[in-house]
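Asker: Shown below is the structure under consideration.
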Amino acid sequence: MEDFRRTYLRLCKEGGIDTQESVLAQLDTRTVTGSTKLDLSGQSITVDTCSVLGRVLQNDTVFTEIIFSDCMLSEEGVKQLLNGLCSNTTVKMLDLKGNNMRGTGAEILGQLLVRNKMLRRLVLEWNALGMWEEGFAIFCEGLASNTSLTQLDLRNNQINHQGAAELCIALKRNSTLQDLDLRWNNIGLLGGRSLLEAMQQNRTLLKLEMAGNNIPSDTLRAIEQSMNHNTDRQSTLRESRSKTQVLGKEIQLLKEEKSRQFLSLMETIDRQKDEMGRSSRNSSIRLGHLQEALNEQKSVMNSLTAKLQMTEAALALSEQKSHDLGELLTRVKMEKTELRDKQSRDMKKEHEESALREAKLLKEVNALSEKNLQLRNKLDETERRCKMQQEQIFELKQELANSTAELKLRLAQTEERLDMEKRRSKQALEDMDSLRQKEVDHLTRHQEDSERGLQDRILKLEGQRIQLEEELSRVKASLVTERAQAEEELGKVRAQVRLEEQQHLRSLEEKLRAVRQSRDESQNHCTQQKQSIAELQARVGQQSIEMDTLRRRIEELQQELAGKEQEKLAEVTRVRVELQEQVGHLQAERTAQGGLKEKIAALEREMKVLSATHREALLDKESEISSVLERLRIREGEIQRMREDEAQRASFLQNAILTYVQGSPLAHFSPKK
């Protein structure tokens with residue numbers, strides 16, 4: 001406001017124009033109150049002041065209402081003032097009441113309506129805009145092209161039926177004017193009909209004041225009915241707009257909600273896909289590692305099975321050789337059955353017992369081999385426990401070394417005892433009678449030959465035993481050390497038993513020969529032989545005890561193998577359970593994805609239902625609008641018929657008036673100014 005005052009004073013000073021005290025007083029008052037309304041009503045404003053105010057208002061952004069009512073503005077002053085308002089962008093209300101504006105003012109107002117796009121209300125009461133038809137026509141053209149004015153006051157402007165016709169042309173083109181006041185003009189019957197015709201095309205004018213214009217009441221009622229139609233149409237349009245806006249907002253909200261839900265679903269699906277991909281990759285990596293480990297273990301097992309087959313073949317050969325040696329021994333025994341009746345029976349019993357033991361051991365070995373064959377397919381994860389088993393293998397090696405040392409010591413002791421027995425037998429033979437020397441020599445030669453054959457066989461068996469021990473030592477380096485140790489122990493036990501039996505047989509044969517040569521003379525020697533036999537039986541008992549300990553050791557090894565089998569089975573079951581859990585998780589994720597897909601389908605169905613309902617609502621609205629338009633067409637037809645009737649009656653009345661005027665002495669009456 002202060003800027004407006006300073007600009008006004010500056011322009012007055014630059015133009016050498018005297019400032020009007022009344023205008024300054026009003027500006028000071030507005031500056032104090034801070035109002036946005038410039039009220040200069042009732043002030044006598046000069047042309048120079050109007051030009052300065054027009055220049056100030058050209059760029060003003062403060063005032064929204066300007067009142068120049070009853071200021072007696074001249075044509076030039078109005079022109080200067082309105083030229084400044086043409087480029088103003090804030091004034092929404094202009095009051096020019098009672099300024100006696102005529103043709104020039106009407107032209108400037110037309111230009112104002114064309115150029116100004118912010119003016120909403122224009123008050124032109126108590127002017128003379130309708131006196132000059134050309135100026136009022138320009139004003140009507142500006143009104144037709146205006147797109148912002150909603151209220152226009154043209155009361156008491158001497159508008160006749162021709163001006164009303166120009167105004168009707170403007171109303172047909174205008175689409176924003178809602179309130180028009182034409183009271184107290186000279187529109188008349190023809191102007192009223194023109195306005196009624198214009199109202200048939202105008203759909204935005206809601207209020208039209210027509211009092212004091214000499215218009216028939218039926219025309220006024222028709223115009224009022226048109227106004228009512230426009231009011232109803234505007235109300236229905238507002239309702240439809242509001243409903244469409246509400247529906248549009250709801251649809252937009254639904255779209256946004258659906259888009260958010262869809263985006264969230266897509267994000268969850270992407271996350272689940274990523275998790276499934278990671279889990280599948282991890283599971284594939286783990287399966288690849290497990291498959292590699294299984295392949296390695298299969299290769300190790302194949303090598304171990306090959307080694308086991310080789311050792312089994314060697315053991316079969318050794319057993320075949322031992323069987324051949326046994327047959328040879330039986331043949332020797334059959335040759336000497338006549339010399340040892342009772343003792344042969346005892347030895348047969350002992351041999352049967354040893355055979356039974358050997359059969360039991362063979363059965364156990366076969367059972368162990370069968371168990372090992374069964375364990376071939378179950379040794380998938382033994383490499384992971386190789387470290388622990390290596391320690392056990394080391395301990396078993398130590399035990400094996402200790403047992404071999406003990407067996408060697410026992411073998412040395414038995415050899416020493418055999419030497420002692422040989423020396424004793426030699427001494428006994430030297431004491432024999434010279435009479436039987438030849439027979440003794442013959443028997444000794446035969447015995448030496450048999451001893452040499454037996455010693456050769458013993459050496460061969462020992463070589464075979466050494467080879468078996470070497471093969472068993474090579475097998476010990478593999479993962480099947482327990483069975484190799486058991487087989488080695490069984491081979492050693494067999495060799496030891498066979499050696500002891502052979503030694504025992506040799507000693508018995510020597511004693512039998514000595515008894516046959518001198519039964520009566522060497523009773524003491526027989527008693528000594530019996531004692532040695534008892535000692536040998538005790539040794540056989542000790543060997544049987546040792547075999548029992550070895551059997552218990554084998555059973556312990558079998559138990560350890562069973563425990564390892566159980567551990568392997570537990571590990572396999574654990575891996576299977578983990579794989580089943582992973583499969584269950586994947587199936588659960590798959591079901592969750594199916595549920596999400598079902599939800600998406602349900603949401604799409606809901607969207608389709610909503611769109612269908614919306615389309616149905618729009619169709620209903622369109623049908624309602626079409627029905628309203630149909631009713632409007634019917635009403636317009638009725639109005640058209642009424643208009644035709646009125647025109648016919650007006651033509652009859654005009655003819656009657658013309659005949660009356662032609663017959664009357666007065667030519668015509670001039671209209672009042």
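Asker: Quick one: in the range 123-135, of everything that is within 18 Å of Asp179 (Cα to Cα) and touching an Asp or Glu at 6+ places or on another chain (Cβ under 7 Å), which residue is surrounded by the fewest Cβ atoms within 10 Å (Cβ to Cβ)?
Answerer: The qualifying residue surrounded by the fewest Cβ atoms within 10 Å (Cβ to Cβ) is Glu125.
Asker: Could you tell me which of the residues Lys79, Lys97 is at pLDDT 90 or above, more than 15 Å from Leu119 (Cα to Cα) and assigned to a helix (DSSP H, G or I)?
Answerer: It is Lys79.
Asker: Would you pick out the residues in the range 307-334 that are more than 15 Å from Arg506 (Cβ to Cβ), surrounded by 13 or more Cβ atoms within 10 Å (Cβ to Cβ) and charged (D, E, K, R)?
Answerer: Selection gives Lys307, Glu312, Glu319, Lys321.
This table checks each residue for (1) modelled with pLDDT under 80; (2) over 31 Å from the mean Cα position of the chain (by Cα).
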{"site": "Arg241", "(1), (2)": "no, yes"}
{"site": "Gln252", "(1), (2)": "no, no"}
{"site": "Arg260", "(1), (2)": "no, no"}
{"site": "Asp270", "(1), (2)": "no, no"}
{"site": "Thr311", "(1), (2)": "yes, yes"}
{"site": "Asp341", "(1), (2)": "yes, yes"}
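Asker: Ok, one more. Out of the residues in the range 23-72 meeting the condition of being modelled with pLDDT under 90 and within 60 Å of the chain's Cα centre (by Cα), tell me which one is surrounded by the fewest Cβ atoms within 10 Å (Cβ to Cβ).
Answerer: Only one residue tops the list, namely Thr61.
Asker: Going by the conditions given, is Leu96 under 24 Å from Leu129 (Cα atoms), open to solvent by less than 60 Å² (accessible area, probe 1.4 Å), in contact with a Gly (Cβ under 9 Å, 6 or more places away or on another chain) and not aromatic (Phe, Trp, Tyr)?
Answerer: Criteria met by Leu96.
Asker: Right, another one. I'm checking my understanding of the structure. Among residues of the range 335-378 that are of a type in the set (Asp, Glu) and either assigned to a helix (DSSP H, G or I) or in contact (Cβ under 8 Å) with a residue 24 or more places away in the chain (or both), which one is surrounded by the most Cβ atoms within 10 Å (Cβ to Cβ)?
Answerer: Out of the qualifying residues, it is Glu358.
Asker: If you scan the range 397-433, which residues turn out to be among the hydrophobic types (A, V, I, L, M, F, W, C) and either loosely packed, with under 11 Cβ neighbours inside 10 Å or at pLDDT below 80 (or both)?
Answerer: Across the range 397-433, the qualifying residues are Leu400, Ala401, Ala405, Leu407, Leu409, Leu411, Ala412, Leu418, Ala428, Leu429, Met432.
Asker: Restricting attention to the range 73-82, which residues are of a type in the set (S, T, N, Q) and surrounded by fewer than 20 Cβ atoms within 10 Å (Cβ to Cβ)?
Answerer: The one that is of a type in the set (S, T, N, Q) and surrounded by fewer than 20 Cβ atoms within 10 Å (Cβ to Cβ): Ser74.
Asker: Since Asp3 meets every condition but one in (1) crowded, with 17+ Cβ neighbours inside 10 Å; (2) in a helix (DSSP H, G or I), which condition does it not meet?
Answerer: All conditions are met except number (1).
Asker: Looking at the range 570-590, is at least one residue more than 38 Å from the chain's Cα centre (by Cα), assigned to a helix (DSSP H, G or I) and in contact (Cβ under 8 Å) with a residue 12 or more places away in the chain?
Answerer: Taking every residue of the range 570-590 in turn, none turns out to be more than 38 Å from the chain's Cα centre (by Cα), assigned to a helix (DSSP H, G or I) and in contact (Cβ under 8 Å) with a residue 12 or more places away in the chain.
Asker: Residues Glu555, Glu567: which one is within 19 Å of Leu356 (Cα to Cα) and either among the β-branched types (Val, Ile, Thr) or assigned to a helix (DSSP H, G or I) (or both)?
Answerer: Only one candidate qualifies: Glu555.
Let's see how each residue does on (1) in a helix (DSSP H, G or I); (2) in contact with a Lys or Arg (Cβ under 9 Å, 6 or more places away or on another chain); (3) open to solvent by 80 Å² or more (accessible area, probe 1.4 Å); (4) farther than 20 Å from Thr150 by Cβ:
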residue	(1), (2), (3), (4)
Leu208	no, no, no, no
Lys243	yes, yes, yes, yes
Val246	yes, no, no, yes
Gln272	yes, no, no, yes
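Asker: Another question, if that's okay. Please enumerate the residues belonging to the range 545-583 that are at pLDDT below 80 and of a type in the set (Ser, Thr, Tyr).
Answerer: Thr549
The values are calculated or read from the model by the stated rules, or taken from the named source; none is laboratory data. These numbers were taken from a predicted model, which means no experiment stands behind them. With ideal geometry, Cβ positions are generated from the backbone for all residues, glycine too; neighbour counts draw on all protein chains shown. The accessibility values were calculated without ligands, DNA or RNA, using every heavy atom of the protein model including side chains. Shrake-Rupley method; radii C 1.70, N 1.55, O 1.52, S 1.80 Å.
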